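Here's the structure, in structure tokens; my notes come after.
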Amino acid sequence: MEAEQKRNALKTYFGYDTFRPGQEEIIDQILSGRDVLAVMPTGAGKSICYQLPALLLPGTAIVVSPLISLMMDQVKALNEAGVHAAYINSSLSERQTARALELAKEGRYKLIYVAPERLETRRFLDFACHAQISMITVDEAHCISQWGQDFRPSYVRIRSFVRQLPLRPVVSAFTATATEKVRQDILTSLELVRPCETVAGFDRPNLYFEVQRARDKKERVRRYLAEHSRESGIIYCATRKAVDELYLWLENAGFSVGRYHAGMSADARRRSQEDFIYDRTRVIIATNAFGMGIDKSNVRFVLHYHMPQSMENYYQEAGRAGRDGEPAECILYYSPQDTMIGRLLLESRELDEEYTEEERRMIREQDAVRLRKMEGYCTTTGCLRAYILRYFGERAEDSCASCGNCMTEFEQMDATEAAADVVRCVRACGQRFGQSMIAGTLLGESTARIRDRGMDKSPVYGKQSKLGKARVQDVIRTMLERGYLCQSKDKYSLLRLTESSERLLEQTQPFCISYKREEEKAGRKTKASGAPGGRSDQVADLTEGQQALFEELRKTRMLLAGRKRIPPYMVASDKTLRDMCVRRPRSQEELLDVNGMGEKKVKQYGEAFLKVLLGYGP
Ligand code: ADP
């Protein structure tokens, strides 16, 4: 396929001039007829990777997708862009389904989205066996794996559906979950043939990451919202109760907020979600039930009020910020209590009865490991971006120079003696205890737990009492990070020695740690201004005149969206409006140069936007 043709389609239908990293390669593979397994982080731009080939290949593409809201959103956006698409799921009546499949059979659609449990219905099979199917795409493909976090038994049946087709089309699978086991499961369960496996860059350079240790979380959040008063954002909490509390508190404080969790009625949830998407409320406070399939491009911040249960969860949720590629912030407010909440939530998680005892044990073990890695992210003084990338199996520089940690000057301390004492303590007790017992022993705490286990008789009891609790914990954390200690995989996380531990006893080289000083952080602004990726408001780098124009364009966008009953970002993203303010196009032709404006969009909305642009100053 000519490169020209792909670019034309990208510009015409989606309004973009260039592909993002990884996209073109995946598109080329699909177009050449090769199966694909693509692992891409949330927000990286998966949809275009299958939508564009679907447009260029003859016939209809079938997209299997797990969520009704996700399908509806995508189909709406595609039709907006001038692409004929439809969906088949339980939201349609019998008659609507029959009609859609009739049209599909006639080849009217370039894409048809379908829920997995509908694939093997007689009607759908009839369509699929008689129409020209250009390709099959499995979105959120990790749902096929029992090792993933969202296993869906109906996904397992995709394979048998594909087998029933008279001609096997090219099959592509997309997911944001990268673990080896899940990937392997996808390959075998979908019977991908000689697939091209790609892992697109997990880095999202426009996202700013920061962890703040905080006791006064509510106040921090309030301050943050006040400082970002014009921006849209999501605040994630670990429990429904916390969502309700924070919601009421912020609403009382006068902020434009909504809430979302599984304890609300379906109707209330839908309303909350729509208010947020249609920019009627600025901020939504939610549990992790919120967000799947929400492609709101102008989410400028994602705050975590509690630590999530895994890095997978965190990156997926944080990844909902800045989908338009513009700077956005992801801030996690951490307190050690979060770990306890996480543990409790995991322990209360009900596991499907289908699992064997052994499988249950393994799942629980994996949960505990994930939680620990998440805790590591919250406590590390190293580069946060590097931590994320390495977690997802990518290489990363030691410093990104732009995350919260890279921009903080940490205190340094020589902890050679303390580290040696930790090794002695772990060894003396036969590696039978976890962090708090070891730290408590070194600090000389006189608790019943310590006395009952005889740790007050340990040769190192009280030897590091001057150091204080926080620093002793920092020493242990750093030893874990650098591999001088490890933890047992069960939920007790017992401290164990490693091959390197002995080296610390020799004390031939200094063991230095860096740590955060809490008081300092509390007063610090969330971000140094002028830093890479930094900005306190979306339009801050526009001139005053441009900002006023931006507001006018925003109003027009709201009107256009209202008329068509679609969310404003589907008319044009914030990035597109900003680009208009900078370029000041004066004709339909010039509008085409604006980022995100394709032919179809110019045709539909060009006139309205031009009216504002031409009427605005010289
Ligand atoms: P996900 O990988 O989470 O499914 P999407 O496919 O929804 O991500 O894409 C995320 C956002 O990025 C969308 O707003 C989309 O329009 C935008 N996007 C995708 N590809 C490009 C591109 N080549 N140039 C600019 N924006 C893009």
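Cβ-Cβ distance below 8 Å, separation of 6 or more or different chains: which pairs start in segment 34-47 with a residue that is open to solvent by less than 10 Å² (accessible area, probe 1.4 Å) and at pLDDT 80 or above and end on one that is within 6 Å of the ligand (Cβ to nearest atom) and hydroxyl-bearing (Ser, Thr, Tyr)?
none
Give the residues of segment 1-17 that are more than 27 Å from the chain's Cα centre (by Cα) and within 12 Å of the ligand (Cβ to nearest atom), sorted by residue number.
Across segment 1-17, the qualifying residues are LYS6, ARG7, ALA9.
Looking at (1) within 16 Å of the ligand (Cβ to nearest atom); (2) farther than 22 Å from ARG204 by Cβ, find the lone condition where ALA289 falls short.
Condition (1) is where ALA289 drops out.
Filter segment 307-324 down to the residues that are within 16 Å of the ligand (Cβ to nearest atom) and assigned to a helix (DSSP H, G or I) and list them by number.
Residues satisfying the conditions are GLU312, ASN313, TYR314, TYR315, GLN316, GLU317, ALA318.
Can you tell me which residues in segment 592-610 are within 26 Å of GLU231 (Cβ to Cβ) and more than 14 Å from the ligand (Cβ to nearest atom)?
Residues satisfying the conditions are TYR605, ALA608, PHE609.
Has segment 435-445 got at least one residue that is open to solvent by 10 Å² or more (accessible area, probe 1.4 Å) and of a type in the set (Val, Ile, Thr)?
no
Condition first: in a loop (DSSP other than H, G, I, E, B) and either closer than 26 Å to THR556 by Cβ or out of contact with any helix residue (DSSP H, G or I) (no Cβ under 7 Å at 6 or more places or on another chain) (or both). Now tell me which residues in segment 263-279 satisfy that.
Correct list: MET264, SER265, TYR278, ASP279.
Can you name the number of the only condition in (1) within 28 Å of the chain's Cα centre (by Cα); (2) under 30 Å from ARG122 (Cα atoms); (3) away from the ligand (no atom under 11 Å from the Cβ); (4) not aliphatic (A, V, I, L, M) that GLN74 fails?
(3)
Of the conditions (1) more than 12 Å from the ligand (Cβ to nearest atom); (2) open to solvent by 10 Å² or more (accessible area, probe 1.4 Å); (3) touching a Lys or Arg at 6+ places or on another chain (Cβ under 6 Å), SER90 clears all except one; give me its number.
(3)
Would you check if GLY59 is touching a Ser or Thr at 6+ places or on another chain (Cβ under 8 Å), open to solvent by 30 Å² or more (accessible area, probe 1.4 Å), more than 16 Å from the ligand (Cβ to nearest atom) and of a type outside the set (A, V, I, L, M, F, W, C)?
Spelling it out, it is not the case that GLY59 is touching a Ser or Thr at 6+ places or on another chain (Cβ under 8 Å), open to solvent by 30 Å² or more (accessible area, probe 1.4 Å), more than 16 Å from the ligand (Cβ to nearest atom) and of a type outside the set (A, V, I, L, M, F, W, C).
When only residues in segment 372-415 that are part of a helix (DSSP H, G or I) and in contact with a strand residue (DSSP E or B) (Cβ under 8 Å, 6 or more places away or on another chain) count, which is farthest from GLY483 (Cα to Cα)?
For segment 372-415, the residue satisfying everything is ARG385.
The values are calculated or read from the model by the stated rules, or taken from the named source; none is laboratory data. Just so it is clear, the structure is predicted and the values come from calculations on it, not from any experiment. Note that each Cβ is placed from the backbone with ideal geometry, even for glycine, and that neighbours are counted across all protein chains shown. Accessible surface is based on the protein model in full, side chains and every heavy atom, while ligands, DNA and RNA are left aside. Shrake-Rupley method; radii C 1.70, N 1.55, O 1.52, S 1.80 Å.
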